[in-house]
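The values are calculated or read from the model by the stated rules, or taken from the named source; none is laboratory data. This is a predicted model, so every value here is computed, not measured. As a convention, Cβ positions derive from the backbone with ideal geometry for all residues, glycine included, and neighbour counts pool all protein chains shown.
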Ligand SMILES: [Cu+2]
């Protein structure tokens, strides 16, 4: 089943940051779409629940160098 999660992301300062994070999320197996924006600072991710978990997606955000808040 496809699920959707929205993370509030801390630490992005420009479109380079958001673009880098979006590419990293899109590269995760099981992610079908990711949209990362600066205003608001968030990542909206559609993913296959059978292939990837929200906590793994959160780890991806942190691996790229940002923080998930809330
Ligand atoms: Cu930046």
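Determine if the stretch 45-60 includes at least one residue that is within 16 Å of the ligand (Cβ to nearest atom), surrounded by 16 or more Cβ atoms within 10 Å (Cβ to Cβ) and either without any contact (Cβ under 8 Å) to a residue 12 or more places away in the chain or not in a helix (DSSP H, G or I) (or both).
No, because not a single residue in the stretch 45-60 is within 16 Å of the ligand (Cβ to nearest atom), surrounded by 16 or more Cβ atoms within 10 Å (Cβ to Cβ) and either without any contact (Cβ under 8 Å) to a residue 12 or more places away in the chain or not in a helix (DSSP H, G or I) (or both).
Do any residues in the stretch 1-28 that are at pLDDT below 95 have Cβ atoms under 7 Å from those of residues that are more than 8 Å from the ligand (Cβ to nearest atom), where the two are at least six apart or on different chains, and which pairs are they?
Partner pairs satisfying both residue conditions: 1/49.
Scan (1) surrounded by 14 or more Cβ atoms within 10 Å (Cβ to Cβ); (2) assigned to a strand (DSSP E or B); (3) more than 16 Å from the ligand (Cβ to nearest atom) for the single condition residue 36 breaks and write down its number.
Of everything listed in (1) surrounded by 14 or more Cβ atoms within 10 Å (Cβ to Cβ); (2) assigned to a strand (DSSP E or B); (3) more than 16 Å from the ligand (Cβ to nearest atom), residue 36 misses just condition (3).
In the stretch 1-19, which residues are within 16 Å of the ligand (Cβ to nearest atom) and surrounded by fewer than 16 Cβ atoms within 10 Å (Cβ to Cβ)?
Answer for the stretch 1-19, where residues must be within 16 Å of the ligand (Cβ to nearest atom) and surrounded by fewer than 16 Cβ atoms within 10 Å (Cβ to Cβ): 10, 11, 13, 14, 15, 16, 19.
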